[in-house]
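Enquirer: Can you keep this structure in mind? I'll have questions shortly.
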Amino acid sequence: MQDYYETLQVHPKADAESIRAAYARLSARYDPSKLEGAADELQALARQRRDEIERAYAVIGDATRRANYNAELADLAPVPAAAPPPGPLTIDDDDSLDYSPLPPAARQERGEGFNAQPSVSRNVRATDTVRGRATARTASGRLPTWLVPVLIVAVATFTIVLLTLFSTMPGAPAPAAGQTGPQTFDPSAPTMAPTTSLAEVANQFEGQIVVAKQVANDDPKNPKAWVEFGNILYDSVVVLHERLPGGDPAFQSAYVERMPRWLEAANAYEKAIALEPTNAVARADMAASLCYYGQGINDQSYLQKGIVAAEQAMKDQPQEGRALLSAGICYALASPPQTSKALEQWQKLIVLPNADPSLVFQARQLIQQYGR
């Protein structure tokens, strides 16, 4: 059964006005006129996506049909096998959810079974959030009892997923234990085919997106909250983009469906920059998001905005590796491609002192791809 709420990217408890706004926004994004000149496959997938949006709105945009649809969803919902958590709160109570930002995926996949919405006591709140770390304390100042095991599981899962990703990326060498500094790249290394299914790739970030959006909306003056929201949106679509060279129609269709998230991520980063104008990392990620979106819908205006943002990030922090990486991506995706400028930025990145090894690895991959 199709999830019409997912199709319109709204919460099942969204009011009628929110549903109408979501429908209008998505319809505009998949307007056929915006894909003129794009590949026939992309145009066909966009038309399919627009048809799905129309069907979804026809149901949940009508009060009577929505009530019937909700009843059908309730009938299909599985009965929980485990007993509910102790105390008066349950996972069905919105107030029992921990809306503090989750650690970002950092362009990596979450492990299977990752809990995106842990149930906690009402007196737990987020007090310290930075990129890559979110902590919570109780009103008394003590760490909650669930935090330590959650952190242990999260670290172990992240390590496993990171090693798996590096071993399955085309041309990636097996990471050595204790390796630090710039990664070496061996073009002759064997390639291993990813085994992750489409459902696992496409749906792993959905719960996190809901939570991160709620946090950002609840604390709109917090630039870190907007950065976290942008990071999760970015991660949710980049994992599909990375699989496009495989030519799998299912991944291509899923990518077209989620392509507007590039723009949503760029908007989130833009809000963070408005609050923190010198944040070169957020500006660089906004640049990459705009350029990927512009390439996807064949609109050079977004690519030009991305190039301007990337160049500003490099100006603000010339030694910021992510600014160099994003600038190169935007130059390479431009029409006509500015390949020599792209290679120049990536070459600068790989010789940066103390550069992030993961950024160096990406730069080497891109140099091999575009330097032929």
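Enquirer: Picking from Ala282, Ala313, Ala274, which residue would you name as being assigned by TED's automatic domain parsing to the domain that holds Thr339, out of contact with any Phe, Trp or Tyr (no Cβ under 8 Å at 6 or more places or on another chain) and buried (at least 23 other Cβ atoms within 10 Å of the Cβ)?
Expert: Within the list Ala282, Ala313, Ala274, the selection yields Ala313.
Enquirer: Output the residues belonging to the range 55-75 that are without any contact (Cβ under 8 Å) to a residue 40 or more places away in the chain and surrounded by fewer than 16 Cβ atoms within 10 Å (Cβ to Cβ).
Expert: Ala58, Asp62, Thr64, Arg65, Ala67, Asn68, Ala71, Ala74, Asp75
Enquirer: Scan the range 258-306 residue by residue and report those that are more than 18 Å from Asp235 (Cβ to Cβ) and among the hydrophobic types (A, V, I, L, M, F, W, C).
Expert: Selection gives Ile273, Ala274, Leu275, Ala280, Ile297, Leu303.
Enquirer: Please specify each residue of the range 1-25 satisfying the condition of being in a loop (DSSP other than H, G, I, E, B) and over 15 Å from Glu72 (Cβ atoms).
Expert: Gln9, Val10, His11, Lys13, Ala14, Asp15
Enquirer: How do the helices (runs of 4 or more DSSP H) wholly within the range 276-372 filter down when requiring 2 or more residues that are within 24 Å of Arg29 (Cα to Cα): which remain?
Expert: Of the helices (runs of 4 or more DSSP H) lying wholly inside the range 276-372, those with at least 2 residues that are within 24 Å of Arg29 (Cα to Cα) span 280-297, 300-316, 321-333.
Enquirer: Would you pick out the residues in the range 55-78 that are modelled with pLDDT of 75 or more and out of contact with any helix residue (DSSP H, G or I) (no Cβ under 8 Å at 6 or more places or on another chain)?
Expert: Answer for the range 55-78, where residues must be modelled with pLDDT of 75 or more and out of contact with any helix residue (DSSP H, G or I) (no Cβ under 8 Å at 6 or more places or on another chain): Asp62, Thr64, Ala67, Asn68, Asn70, Ala71, Glu72, Leu73, Ala74, Asp75, Leu76.
The values are calculated or read from the model by the stated rules, or taken from the named source; none is laboratory data. The structure displayed is predicted, hence computed values, not measured ones. As a convention, Cβ positions derive from the backbone with ideal geometry for all residues, glycine included, and neighbour counts pool all protein chains shown.
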